[in-house]
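The values are calculated or read from the model by the stated rules, or taken from the named source; none is laboratory data. The structure displayed is predicted, hence computed values, not measured ones. Cβ placement follows ideal geometry from the backbone for every residue including glycine, while neighbour counts extend to all protein chains displayed.
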Amino acid sequence: MATEIIDTRLKFQLMFWYCVIGFSALVLGYFLAANLLTIALMVCGVAWLVLLPYHAQLSFKVAVGTFGSALILPFLPGRPYFWEFAALLGWSGVVMTITLRNYTHEFKDTMRQNRWLFVGLAGYIVVLAVTMVYRGFGLRILGSGQVGGRFYFQQLVCAVFPLLFALIRVDEATLMRLIKWQWLMTGTYIISDFVFSVASERFWVILYFLELANDALNFEIQNLQFGIRRFQSLAFFGQGFIFFMLVYFNLRDFFRSRAIWLLPVAIGTFGISLLSGHRWVVLILCFTLLFCGYAQRFFQWHNVAFVTGVLVALLTFVYGFSDRLPLAFQRSVSFLPGVRIQNVTRTDADNTMKLRKTMFTVGLNLIPQYLWMGRGFARYMDDWGAYYDPTTITAHINQGKFYNGFIGLMINTGVFGTLFMLTFILTGTRVAWQIIMHLRQYGCEDDFSRICSVVAGFWMANVLAFLILHGDSEYAMKTFSLQAGVMLICHVLLRRRLTAPDAQPA
C-alpha cells in the first residue's frame, strides 16, 4: 500500500514538471516568434541565476583580461564594454562570496591594512550618489536632453574591483595570464581604428563588436582639416606591448647581450606609439620605467651610462630628422626644447597647450562656486558653446573637462569627493610603494615579480599624470579602481611567498 502511494506521488510530481516544462516551452516559443530581445533577456536571466556562485571569478577574469580592450557587448544600447558587464557581475559576486564565506584567508588582513583605501572608495561612492540626486543625471531617455549618466555608471560599477579582488582566491599563474592578455588585447583598438579610418564601409560591421578609441572621431576630423593623421590606438598598443616585454625580460637585459635585438624592438614599438601624436605616452612610459628600474635595482653606474648613450643617440636622431618625420610623430616630440617641426604641427600642439593652461586658470576660478557641492558629470545635448565661442573654452566648461585631475575633482565632485578620491589614490600609492620596496629587498628575477614591478610603476606614473600633467575626473575611478585591485592581489601574493614559499597559492 505504501509503495503504491509513493509511486502515485512520483507520477504526480513527474506529471507536474512535465506540465511546467511544456508550458514554459510554449511561452518561450511564443516570445521567440514575437520578440527576439525578450527571449534573449530571459535566457540571460536564467544564465545569470545558474552562474551566480561563479560571478566573482567570472568578473575577475573577464575584467582583468578585457579592461584595456575595445571589446563590447554587441547590439546593446550604450555599447557597454565587456569589463563593464564584468563589473556588474562583481557586485553580485561580492555578495555571494561573503555569504558563502568563500573568500581568501588574507581578506581581513588586507581590509585592515588598507582600510583608508576602502574608506576613500566608499566615501566617493556616497558623494557620487548625492551628486546624482542633487544635480540630476541623464541617460538620454524619455526625450531628455541631459546626458552624462555613463560617467556615473562607469565609476559606480568600477568601484567594486578593489573589494572584489581582495576577496577572491587567485594564484600567480592565473593573474599573470590575465594581465598579459590585457596588455595584448589593447591591439583590438588598432582593428577598430583601421576599420573606421582606412577600411571601406563594408567592414564597419566589425564596429558592432569593437569600440573606437576615445579620440578616434576627433582625430579623423583633424586629419581631414589639417592633414595630421593620428591613431590613438597605437599609443594603447605600444604601451601594452612594451609592458608585455618587461614581463619576460629584466631591464638589464635591454642593455646587455640581448640588447642586439631587444633594444631595437622596444625602440621600434615606442616609435610606433608616437604615431598617435600623444605626448603623454612619453611621460607615462618614462615614469613607469623609472619606478620599475628602482624596484629592480637597475640604476647602477654602468647601466646609467649605457642608458645615457642610447638616449643621446635617439635625441640626436630626433633633432636631426624631426621635421621630416610623420606629422603625428612630430607632435609627440614637440615638447622637446628647440626641436624643429612643421608649422601645422607646431600650431596644433601649441593650441592644445594654451587651451589646457587656460582651462587650468578657469578651473581655479570656478572651484569656489562648486566647493561644497560639485557640478556633477551631467551634460546637455543642446550645448551651443562651440558655435559662439570658437576657443571651445565654454564648451569645455559645460562638459566639466579641465585636463587636471585635482581641479576636475574639485569642480565636478566638490571638496568631499576630492578628499575621498585623494585618500583612495594616496593609499593605493602606499601599496604600490610597498610592492616596489618588497621587490628591491627580495629581488625581481621571475616573471611574476616583474609584472608586480610594472603594475606598481604604472600606478605611480598614472597618479603623477592625473594630478599634475593631464587627468579627467570623470574617469578617475575607471582609471584607478582595477589597478588598485590588481595591486592588492600582487601585494598579497608577494607576502604569501615569504610565509609559505613552497605552498601552492589558493
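Look through region 211-230, keep the residues that are touching an Asp or Glu at 6+ places or on another chain (Cβ under 8 Å) and part of a helix (DSSP H, G or I), and return whichever of them is farthest from His278 (Cα to Cα). Once the filter is applied, the top-ranked residue is Phe226. Residue check: is Trp183 modelled with pLDDT of 90 or more, in a helix (DSSP H, G or I), within 30 Å of Ala328 (Cβ to Cβ) and not small (Gly, Ala, Ser)? Yes: the conditions hold for Trp183.
Checked across region 439-448, the condition of being polar (S, T, N, Q), surrounded by 22 or more Cβ atoms within 10 Å (Cβ to Cβ) and not in a loop (DSSP other than H, G, I, E, B) holds for no residue.
Inspect all residues belonging to region 298-314 and state whether any of them is modelled with pLDDT of 85 or more, in the same structural domain as Gly471 (by TED's automatic domain parsing) and among the aliphatic types (A, V, I, L, M). Checked region 298-314: no residue is modelled with pLDDT of 85 or more, in the same structural domain as Gly471 (by TED's automatic domain parsing) and among the aliphatic types (A, V, I, L, M). For first residues located in region 340-357 and assigned to a helix (DSSP H, G or I), partners that are among the aliphatic types (A, V, I, L, M) and lie 6+ apart or on another chain with Cβ distances below 7 Å form the pairs Val344/Ile228; Val344/Leu327; Thr345/Ile228; Thr345/Leu327; Asp348/Ile228. Each residue in region 308-332 was checked for being in a helix (DSSP H, G or I) and either touching a helix residue (DSSP H, G or I) at 6+ places or on another chain (Cβ under 8 Å) or of a type in the set (S, T, N, Q) (or both), and 12 of them qualify. Filtered by the rule that a residue be of a type in the set (D, E, K, R) and not in a helix (DSSP H, G or I), region 231-256 gives a lone residue, Arg256.
Is it the case, given these coordinates, that Cys452 is in a helix (DSSP H, G or I), farther than 21 Å from Cys286 by Cα and touching a residue at least 40 places away in the same chain (Cβ under 8 Å)? No; evaluated as a whole, the condition is false for this residue. Say we look at region 198-226 and pick out the residues that are in contact (Cβ under 8 Å) with a residue 24 or more places away in the chain and under 18 Å from Ile72 (Cβ atoms); which of these is surrounded by the fewest Cβ atoms within 10 Å (Cβ to Cβ)? The extreme case among them is Tyr208. If I ask for residues that are of a type in the set (S, T, N, Q), without any contact (Cβ under 8 Å) to a residue 60 or more places away in the chain and surrounded by 15 or more Cβ atoms within 10 Å (Cβ to Cβ), which ones from region 280-330 would you list? Answer for region 280-330, where residues must be of a type in the set (S, T, N, Q), without any contact (Cβ under 8 Å) to a residue 60 or more places away in the chain and surrounded by 15 or more Cβ atoms within 10 Å (Cβ to Cβ): Asn303, Ser322, Gln330.
For region 375-388, the condition holds for at least one residue, the condition being that it is assigned to a loop (DSSP other than H, G, I, E, B), at pLDDT below 70, surrounded by fewer than 16 Cβ atoms within 10 Å (Cβ to Cβ) and under 27 Å from the mean Cα position of the chain (by Cα).
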